[in-house]
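Peer 1: Quick one: this structure, given as C-alpha cells, is what I'll be asking you about.
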Amino acid sequence: MRALSGKEHVHSLRRDLTGIALFVGVIWLVFILDRFLPLENFGMRPRSLGGLAGIVTLPFLHANLQHILSNTVPLVVLLGLLAGSRANSIDIVVFISMVAGVLLWLFGRDAIHIGASVLVFGLIGFLVCAGFFEKRLLSALIAIGVAVVYGSTLFFGVLPLQRGVSWEGHLFGALAGGVIAYYIAGDLARGTGSGTRV
C-alpha cells in the first residue's frame, strides 16, 4: 500500500496548529450542542445499520465534561506530535478513525460507543510504530516519548477493567494506528510513498 497522499506533503507549523485547533474546536462545539440536542444517539452501535453513522461521528461525541476534558489534552498533544511524521496528518486521522470505527462496528459489544479516545489510542499506536518503521531519529524520539508518557494508558486502556469504558474501541484504535503506520511510514522509509522530511 502506498502513502495515503498522492502529493508530496510538507508540514507547516501554522497550518498544522490551525488544523488541530479547528478539529478540537468542532469536537467542543458538538459537545455544547449535545447539551441541547440528543446527538449521542448518533454514536457507534455495533452491527446495527443506524450505528454505521458512528464510524464518522464517534470521535466527536462525549458523555460529559470529564470525558471530553480527558480526551482533549492527549488529542492536542498527539496531533501536535503527528506533525513530526512525513505523512499527511489529515489522512492519518481519517484512516485511523475509519479503520478503528469499522472494526468496532464489526466486533464491539452491544452498546453505544462514543469519544475521541479511539483516535487518541490510534495516534499512540501510530506514533510508536512509525518511530520504528520510519527509521528517522525524530520519529524514534517521538515514539520513545509517547511510549513513556502514554505507555501505561495504552496498556490499561485496552483491557476490560473499567465499567462504561469502550476498551475495545481503545484496542481497535491502537491496532488501526499500528497497521496504518506499517503501511504509510514503512512506505515513506523505503521511498515508495510520498512525503518530505521536515
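The values are calculated or read from the model by the stated rules, or taken from the named source; none is laboratory data. Keep in mind that what you see is a predicted model, and the values were worked out from it rather than measured. All Cβ positions, glycine included, derive from the backbone under ideal geometry; neighbour counts span all protein chains shown.
Peer 1: What helices (runs of 4 or more DSSP H) lie completely within segment 48-160 and have 1 or more residues being modelled with pLDDT of 95 or more and β-branched (Val, Ile, Thr)?
Peer 2: 54-57, 65-82, 89-107, 117-133
Peer 1: Among the residues in segment 4-16, are any modelled with pLDDT under 95 and over 21 Å from GLU134 (Cα atoms)? Explain how you work it out, then say what you get.
Peer 2: Narrowing segment 4-16 to residues modelled with pLDDT under 95: 4-16.
Of the ones still in play, those that are also over 21 Å from GLU134 (Cα atoms) are 14-15.
Yes, the conditions are met somewhere in segment 4-16.
Peer 1: In segment 123-148, what count of residues is obtained for those that are among the charged types (D, E, K, R) and in contact with a Leu (Cβ under 8 Å, 6 or more places away or on another chain)? Before you say what the answer is, go through the steps one by one.
Peer 2: Within segment 123-148, the subset among the charged types (D, E, K, R) is 134-136.
Now restrict to residues that are in contact with a Leu (Cβ under 8 Å, 6 or more places away or on another chain): 134.
Summing the residues that are among the charged types (D, E, K, R) and in contact with a Leu (Cβ under 8 Å, 6 or more places away or on another chain) in segment 123-148 gives 1.
Peer 1: Look at SER117 and say whether it is surrounded by fewer than 24 Cβ atoms within 10 Å (Cβ to Cβ), in contact (Cβ under 8 Å) with a residue 12 or more places away in the chain and under 12 Å from LEU58 (Cα atoms). Steps first, answer last, please.
Peer 2: Working: surrounded by fewer than 24 Cβ atoms within 10 Å (Cβ to Cβ): no; in contact (Cβ under 8 Å) with a residue 12 or more places away in the chain: yes; under 12 Å from LEU58 (Cα atoms): yes.
No, not satisfied.
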